[in-house]
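Accompanying notes for the structure given below.
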There are 2 protein chains.
Amino acid sequence: MKSLLIRNVVLNGKPADILVRGNRISRIGRNLEDKAGRTIDGRGMTALPPLINGHTHAAMTLLRGYADDMGLMEWLQTKIWPFEGRLTKDDVLVGSRLACLEMIKSGATFFNDMYWHWHATAEAVEEMGLRALLSPVFIDGGDEARGETNRRMVEEIHGGLDGYSGRVRFALGPHAIYTVSADNLRFMKEFARAQNVPIHIHLSETADEVQTCLKSRKLRPVEYLDSIGFLGPEVFAAHCVHLAEKEIDLLAANRVKAIHIPVSNLKLAVGGIMPMAALTKAGVSVLLGTDGCSSNNCLDMFQTLKFAALLAKHQSGNPTSMPAHEAWAMATTDAARAFGLDLGLEEGRLADLILVDRERPEFVPGYNLYSDLVYSANGYCVDTVLCDGRVLMSRRKVSGEKEIIDDARRVARRLCQAG
Amino acid sequence: MKSLLIRNVVLNGKPADILVRGNRISRIGRNLEDKAGRTIDGRGMTALPPLINGHTHAAMTLLRGYADDMGLMEWLQTKIWPFEGRLTKDDVLVGSRLACLEMIKSGATFFNDMYWHWHATAEAVEEMGLRALLSPVFIDGGDEARGETNRRMVEEIHGGLDGYSGRVRFALGPHAIYTVSADNLRFMKEFARAQNVPIHIHLSETADEVQTCLKSRKLRPVEYLDSIGFLGPEVFAAHCVHLAEKEIDLLAANRVKAIHIPVSNLKLAVGGIMPMAALTKAGVSVLLGTDGCSSNNCLDMFQTLKFAALLAKHQSGNPTSMPAHEAWAMATTDAARAFGLDLGLEEGRLADLILVDRERPEFVPGYNLYSDLVYSANGYCVDTVLCDGRVLMSRRKVSGEKEIIDDARRVARRLCQAG
């Protein structure tokens, strides 16, 4: 079994060595010895759990900056959807690699994704060494034939998972209540229960979604999902911006996980901010995500952390809301737990960790590590990234970086010319 | 006269060489020759104007992370003010150097400052090679003797400016309407007019400031300043969060510059966001600033740019508000003009510029430079910084960086032990 010894890092404020065997943390202590394996000099570095990106569309890196500062429907109809319609499986592979590169460079080792061409994103995750929960987009638009194709896709992907490592996991990705029929939502709920897979859905992102639902069903979106028996602890609901009190209670009672995506919500001007304080008070587990690159436009979870913590203070009118250590836990250890990942800097757990370089102005003087991480740093403070026992980045270098960037530029040029 | 040739950069989308002589841009063209001076290889780099930090308290880097997530008055009274009371001139020099380092590393070459120990910040600016408009804090707390001491300080500093380079400029720094008497505000207005110096003041940051003013003077803060003849084009008003319509008209009519400080406003939960759309519609010149490190907690203007652009969309409910190119101009060329700086990437102008490295994931594919700068990048994309014709950073290295960081940590330890 391969081993790796990280020497002289700071862990929980004290010097420590971390010994990794295979894909797990084997020992944490002082002056550990390991003659067989690789050694990393961690002097000046602080070891921390990795960031967990709760919601993204990885391959949309190919759309970064392609269309911004536009009204939502014009943006989707004239820019995003036509561009996406031209994406091949190979393009999604290239775009997903770029996303993995960017997430590694900002300290995330896991992301929760929803996109087209599932196998391409899975291939990128395998190659790049990250972990991900991947859901193929399921949209039927009320069309039964399209629904049938989607249902077959779900069954086929799930039936063919044997070739993948444990780092890639499969989830169902009903896009939203306004793009998937009640029948297909029920199909996915049953499938999820029977096969024990998570569900990833966009929920209550815009006021328009709520109004349309109220008009057609006399129910708000969360009430509607409850009425068809869709809610449950396996559901990860992205956005949750426009929620009535009774909806918050329903999410809590059904142990749905809510994913807060503040940067995207502001950029697209969806007309609100997730009522995070009310959700956490009700006992809902809240995670953080970046969204895809066409609506953020970067995948740096450090930035999402700062937006989330500051918006919580602004929203409550109380600067003590979402203190730095809570924000940090929300984006790391708490999120890992919500996704069922056995992560954390303890013996026996999976060897996912980051080494942060605090020898830079934004960590000086250095009174409070969590405050510096959340309010002052950005993803560039991450020097080294380990995932599943493997070093994915060392001294900010990731293998194959130049080729990934060149490939993405080449694909983007072709896609633009075709448009 | 010293010269510097920057070869093969991208400027306005095309390859160019930039020849600097002394402190000005001498020529811009292709295949320029210069045998005498230094040459910088700019391949892969994009030349851009530098960022302008419209409001900060540089030496407060020493308080970064010292006290966060606290209520405003408890924070000021139990943490910030006692700590500041212990700061010596030497401490301010050390803290200001750290701030200059951080601003250089995120591409700002000018900052508008208000703090104690004016000469120490001026010394740091001179040493580090930046530009700044520096105002000593003027607080009288209604105490005539203290006002008299402050007035003498203003006259002494202004009388002793001969030793400073053109990079350091002096401004008056009446802290706010609730800490400076009407008499002293009038003194400063007269001094500013007679001596042709700018005024830098905090204005309408909190709802409390407005309520207190209304209660004691039956006027809102801007109306009060108008009633004593204080407003004018030399006034830089920081925050401007809580403004009534008639106050916006007064600011416009008097050509006051308003400084938007979104990160600090959210973090301290001041109860609002500057009504930027209304201000710019009324013709008020709006600049952007970071605030000091105790309320942000970093000095990266790229981050402030993204917060400002996204909050503008959120506030208006319109994703087309504050498009990327406008945001970029607001933080660079427009701000330079407001501070009377002859900056811009044109022949004859002052040689302040940054070279941005786009060979990183957050600039890929690279459809739209301004979108990538505002929505995707952070200050770490800045590779090289020129100010006044001098190279302050090259390949992200700044001279003396380690000593500056070590000094700040040493001073911070002493200040904490003394507390």
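The values are calculated or read from the model by the stated rules, or taken from the named source; none is laboratory data. Here the structure is a predicted model, which means the values were calculated and not measured. Heads up, the Cβs are rebuilt from the backbone with ideal geometry, glycines too, and the neighbour counts pull from every protein chain shown. Just the protein is used for accessible areas: all its heavy atoms, side chains included, with ligands, DNA and RNA removed. Shrake-Rupley method; radii C 1.70, N 1.55, O 1.52, S 1.80 Å.
Could you check region B:164-184 and list, in sequence order, the residues that are open to solvent by 60 Å² or more (accessible area, probe 1.4 Å), modelled with pLDDT of 95 or more and in a loop (DSSP other than H, G, I, E, B)?
Result: B:TYR178, single match.
Answer yes or no as to whether B:ALA308 is of a type outside the set (Asp, Glu), farther than 28 Å from B:LEU63 by Cβ and out of contact with any Gly (no Cβ under 8 Å at 6 or more places or on another chain).
No: the conditions fail for B:ALA308.
Here is a check on your reading of the model: is B:ALA327 closer than 20 Å to A:GLN303 by Cα and in contact with a Leu (Cβ under 6 Å, 6 or more places away or on another chain)?
yes
Considering every residue within region A:115-134, establish whether at least one is open to solvent by 40 Å² or more (accessible area, probe 1.4 Å), of a type in the set (Ser, Thr, Tyr) and either under 17 Å from A:ASN53 (Cα atoms) or not in a loop (DSSP other than H, G, I, E, B) (or both).
no
Quick grid of which residues meet (1) surrounded by 21 or more Cβ atoms within 10 Å (Cβ to Cβ); (2) away from chain A (no Cβ under 13 Å):
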position: B:PRO262; (1), (2): yes, no
position: B:ILE273; (1), (2): no, no
position: B:THR280; (1), (2): no, yes
position: B:SER295; (1), (2): yes, no
position: B:LYS306; (1), (2): yes, no
position: B:GLN315; (1), (2): no, no
position: B:PRO319; (1), (2): yes, no
position: B:GLU326; (1), (2): no, no
position: B:ALA335; (1), (2): yes, yes
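Open to solvent by less than 40 Å² (accessible area, probe 1.4 Å) and closer than 29 Å to B:ASP162 by Cα: does that describe B:GLU102?
Against the criterion (open to solvent by less than 40 Å² (accessible area, probe 1.4 Å) and closer than 29 Å to B:ASP162 by Cα), B:GLU102 qualifies.
Can you tell me which of B:LEU133, B:LEU93 is in the same structural domain as B:ARG151 (by TED's automatic domain parsing) and either farther than 27 Å from B:ASP342 by Cα or hydroxyl-bearing (Ser, Thr, Tyr) (or both)?
Going through B:LEU133, B:LEU93 in turn, just one is in the same structural domain as B:ARG151 (by TED's automatic domain parsing) and either farther than 27 Å from B:ASP342 by Cα or hydroxyl-bearing (Ser, Thr, Tyr) (or both): B:LEU93.
Just give me the residues in region B:260-288 being outside any helix (DSSP H, G or I) and of a type outside the set (Gly, Ala, Ser), in sequence order.
Result: B:HIS260, B:ILE261, B:LEU268, B:VAL270, B:ILE273, B:MET274, B:PRO275, B:VAL284, B:VAL286, B:LEU287, B:LEU288.
Starting from residues that are on the phi > 0 side of the Ramachandran plot and out of contact with any helix residue (DSSP H, G or I) (no Cβ under 9 Å at 6 or more places or on another chain), keep the ones in region B:387-402 and report whichever is nearest to the other protein chains (Cβ to nearest Cβ).
Ranking the candidates gives B:ARG395 first.
For region A:282-293, what are the residues that are farther than 25 Å from A:LEU62 by Cβ and either within 12 Å of chain B (Cβ to nearest Cβ) or out of contact with any strand residue (DSSP E or B) (no Cβ under 8 Å at 6 or more places or on another chain) (or both)?
Correct list: A:ALA282, A:GLY283.
Of all the residues that make up region A:185-240, how many are in a loop (DSSP other than H, G, I, E, B) and either of a type outside the set (Ser, Thr, Tyr) or open to solvent by 20 Å² or more (accessible area, probe 1.4 Å) (or both)?
Residues in region A:185-240 being in a loop (DSSP other than H, G, I, E, B) and either of a type outside the set (Ser, Thr, Tyr) or open to solvent by 20 Å² or more (accessible area, probe 1.4 Å) (or both): 16 in total.
State yes or no: is A:VAL374 within 14 Å of chain B (Cβ to nearest Cβ) and not small (Gly, Ala, Ser)?
yes
Say whether the condition of being over 29 Å from A:LEU311 (Cβ atoms), surrounded by 19 or more Cβ atoms within 10 Å (Cβ to Cβ) and polar (S, T, N, Q) is met by at least one residue in region A:351-374.
For region A:351-374, residues over 29 Å from A:LEU311 (Cβ atoms), surrounded by 19 or more Cβ atoms within 10 Å (Cβ to Cβ) and polar (S, T, N, Q): absent.
Test A:LEU310 against the stated conditions and say whether it is away from chain B (no Cβ under 14 Å) and surrounded by 23 or more Cβ atoms within 10 Å (Cβ to Cβ).
Considered against the rule, which asks whether it is away from chain B (no Cβ under 14 Å) and surrounded by 23 or more Cβ atoms within 10 Å (Cβ to Cβ), A:LEU310 comes out as no.
Just to be sure I understand, how many residues within region B:135-153 are of a type in the set (Ser, Thr, Tyr), in a helix (DSSP H, G or I) and in contact with a strand residue (DSSP E or B) (Cβ under 8 Å, 6 or more places away or on another chain)?
0
So A:VAL356 clears everything in (1) away from chain B (no Cβ under 11 Å); (2) in contact (Cβ under 8 Å) with a residue 12 or more places away in the chain; (3) more than 30 Å from A:LEU266 (Cβ to Cβ) except one condition, right? Which one?
A:VAL356 satisfies all of (1) away from chain B (no Cβ under 11 Å); (2) in contact (Cβ under 8 Å) with a residue 12 or more places away in the chain; (3) more than 30 Å from A:LEU266 (Cβ to Cβ) except (3).
If B:ILE405 satisfies all but one of (1) facing chain A (nearest Cβ under 8 Å); (2) open to solvent by less than 20 Å² (accessible area, probe 1.4 Å); (3) in contact with a helix residue (DSSP H, G or I) (Cβ under 6 Å, 6 or more places away or on another chain), what's the number of the condition it fails?
Evaluating B:ILE405 over (1) facing chain A (nearest Cβ under 8 Å); (2) open to solvent by less than 20 Å² (accessible area, probe 1.4 Å); (3) in contact with a helix residue (DSSP H, G or I) (Cβ under 6 Å, 6 or more places away or on another chain) leaves (3) as the failure.
Being closer than 26 Å to B:GLY166 by Cβ and of a type in the set (Gly, Ala, Ser) is the filter; apply it to region B:3-48 and report the residue that is most open to solvent (accessible area, probe 1.4 Å).
The selected residue is B:ALA36.
From the set of residues in region B:52-82 that are hydrophobic (A, V, I, L, M, F, W, C) and facing chain A (nearest Cβ under 7 Å), which is least open to solvent (accessible area, probe 1.4 Å)?
Among those residues, the one meeting the criterion is B:LEU62.
In region B:39-74, which residues are more than 30 Å from B:ALA329 (Cα to Cα) and touching a residue at least 60 places away in the same chain (Cβ under 8 Å)?
Passing the criteria: B:LEU62, B:LEU63, B:GLY65, B:TYR66, B:ALA67, B:ASP68, B:LEU72.
Take the residues in region A:83-96 that are in a helix (DSSP H, G or I) and open to solvent by 50 Å² or more (accessible area, probe 1.4 Å); name whichever of them is nearest to the other protein chains (Cβ to nearest Cβ).
The qualifying residue nearest to the other protein chains (Cβ to nearest Cβ) is A:ASP90.
How about region B:4-50: which of its residues are in a loop (DSSP other than H, G, I, E, B) and at positive phi?
B:ASN12, B:GLY13, B:GLY22, B:ASN31, B:GLY44
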